[in-house]
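Visitor: Quick one: the structure is below, questions incoming.
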């Protein structure tokens, strides 16, 4: 009888091991597949020749909504199974208050139907990214998943350049921005997005090298750097160097106040010399003295129009993602007709205020600017001060700086927003749990 009992126990143990192996494969495949989907999207290599002046996103991409809805359920279920305690930490007062204000702006929206549709996808993406960072059981596992995902993305983009250059390089025949001809965009819809994602991938490559995978990490750094150069994303390239320099200084500075001053002062200056230059003549004069285009490639006209529009609805804004491309823009004066076709204001903070009012902007600054830096501080003080924390800090900081010139905050399944969220939630968890090697 004892031999039968021993055999039964062995079969039970073997079945348990087999189930665990299956779940490990499911977790890894879900993470890698979801990250690649977030980067490449369901519409890679789109022909820009099909776009017409005035095309804007409508939020009616049914397959994207259905896919991220299903992924949010899958990733939440996997995270609940392995780390329900981690998910519970997201029910913090700041997150809850921010979410509540989002719902209020939908109710008070200039176009409630559009706001509801776009917020539903944004919520699904937030749920997916919040759950994804709980799927790996160790930093070793996460490092390998990031490496595989980054190399796969780079392979897709470079194959596009080789096999379908007309769909992965800007052309002189493109109806919009023919002046970008020759700039690489890979699987992305625009070279600026490609450049920004490549910078974030480069930061992951540095993390992979620092964690011990020298060959894979070096390949990621080299390929991402080359693509960044050929995309001609000057803003992303400049910000990449700035982020690498400033975050390296944090290794020697332990004070939270000093870290905040070092990392956030450039963010304040970027917004003062851009949006601030439109609002105040003194700042405009300073901006003109600096060695770069003081109009920020024509963005000043957009900022001036957006600020004028915001003045009418400072408290609530126009509703979540319901200003640009909507009937909120009407009776435009002569010379301002382009505003009816603009997709965003090229500043994430200004777009947030347009959609959610000044209270919404303040809450976003709390949730996406102040708290992640505080979480990095807590993570380093708690022993999670390794390459992972530094990589997440760099992705987060790069996103903050880039948002002074681009709009991706809360932008549904935007690849830059998707990657930025992974960094935000990763820092949140590192501040609360000791990461296993």
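Visitor: Condition check: more than 18 Å from the chain's Cα centre (by Cα) and over 20 Å from residue 409 (Cβ atoms). Does residue 107 satisfy that? Explain how you work it out, then say what you get.
Guide: On the way: more than 18 Å from the chain's Cα centre (by Cα): yes; over 20 Å from residue 409 (Cβ atoms): yes.
The answer is yes for residue 107.
Visitor: Here's another thing I want to ask about it. With (1) in contact with a helix residue (DSSP H, G or I) (Cβ under 9 Å, 6 or more places away or on another chain); (2) within 20 Å of residue 33 (Cβ to Cβ); (3) surrounded by fewer than 21 Cβ atoms within 10 Å (Cβ to Cβ) as the list, and residue 110 as the residue in question, which single condition is left unmet?
Guide: Exception for residue 110: condition (2).
Visitor: How many of the residues making up the stretch 226-260 are surrounded by fewer than 17 Cβ atoms within 10 Å (Cβ to Cβ), free of Cβ contacts under 8 Å to residues at least 40 places away in the same chain and touching a helix residue (DSSP H, G or I) at 6+ places or on another chain (Cβ under 7 Å)?
Guide: The total comes to 2.
Visitor: Here are some conditions: (1) part of a helix (DSSP H, G or I); (2) within 16 Å of residue 39 (Cα to Cα). Residue 207 meets all but one. Which one does it not meet?
Guide: Unmet for residue 207, out of (1) part of a helix (DSSP H, G or I); (2) within 16 Å of residue 39 (Cα to Cα): (2).
Visitor: Determine whether residue 149 is closer than 30 Å to residue 242 by Cβ and touching a strand residue (DSSP E or B) at 6+ places or on another chain (Cβ under 8 Å).
Guide: Numbers: closer than 30 Å to residue 242 by Cβ: yes; touching a strand residue (DSSP E or B) at 6+ places or on another chain (Cβ under 8 Å): no.
In short, no.
Visitor: Given the condition over 19 Å from the mean Cα position of the chain (by Cα), assigned to a loop (DSSP other than H, G, I, E, B) and either at pLDDT 85 or above or surrounded by 19 or more Cβ atoms within 10 Å (Cβ to Cβ) (or both), answer yes or no: does some residue in the stretch 283-298 qualify?
Guide: Yes, that holds for at least one residue.
Visitor: Take the stretch 424-437 and flag every residue that is surrounded by 24 or more Cβ atoms within 10 Å (Cβ to Cβ) and either under 10 Å from the mean Cα position of the chain (by Cα) or under 20 Å from residue 198 (Cα atoms) (or both).
Guide: Within the stretch 424-437, 426 is the sole residue that qualifies.
Visitor: Report, by residue number, each residue of the stretch 38-56 that is assigned to a loop (DSSP other than H, G, I, E, B) and either more than 26 Å from residue 423 (Cβ to Cβ) or at pLDDT below 90 (or both). Can you show your working first?
Guide: Residues of the stretch 38-56 that are assigned to a loop (DSSP other than H, G, I, E, B), as a first pass: 41-47, 51-56.
Correct list: 45, 46, 47, 51, 52, 53, 54, 55, 56.
Visitor: Okay, moving on. Would you point out which residue out of 410, 354, 400 is crowded, with 24+ Cβ neighbours inside 10 Å, in contact (Cβ under 8 Å) with a residue 12 or more places away in the chain, within 30 Å of residue 66 (Cα to Cα) and more than 18 Å from the chain's Cα centre (by Cα)?
Guide: Answer to the check: 354.
Visitor: Residue 245: assigned to a helix (DSSP H, G or I) and at pLDDT below 80, yes or no?
Guide: Values: assigned to a helix (DSSP H, G or I): yes; at pLDDT below 80: no.
Taking the combined requirement at face value, the residue does not satisfy it.
Visitor: Ok, one more. Go through the stretch 60-76 and report how many residues are within 18 Å of the chain's Cα centre (by Cα) and at pLDDT below 60.
Guide: 0
Visitor: Here's a follow-up. If you check every pair at least six apart or on different chains, which have Cβ atoms under 8 Å apart with a residue in the stretch 197-212 that is on the phi > 0 side of the Ramachandran plot and surrounded by fewer than 24 Cβ atoms within 10 Å (Cβ to Cβ) first and a residue that is modelled with pLDDT of 95 or more and in a helix (DSSP H, G or I) second?
Guide: 212/143
Visitor: If residue 133 satisfies all but one of (1) touching a residue at least 60 places away in the same chain (Cβ under 8 Å); (2) over 25 Å from residue 41 (Cβ atoms), what's the number of the condition it fails?
Guide: (2)
The values are calculated or read from the model by the stated rules, or taken from the named source; none is laboratory data. Every value quoted in this text rests on a predicted model; they were computed, and no experiment measured them. We place every Cβ from the backbone using ideal geometry, glycine too, and count neighbours over all the protein chains shown.
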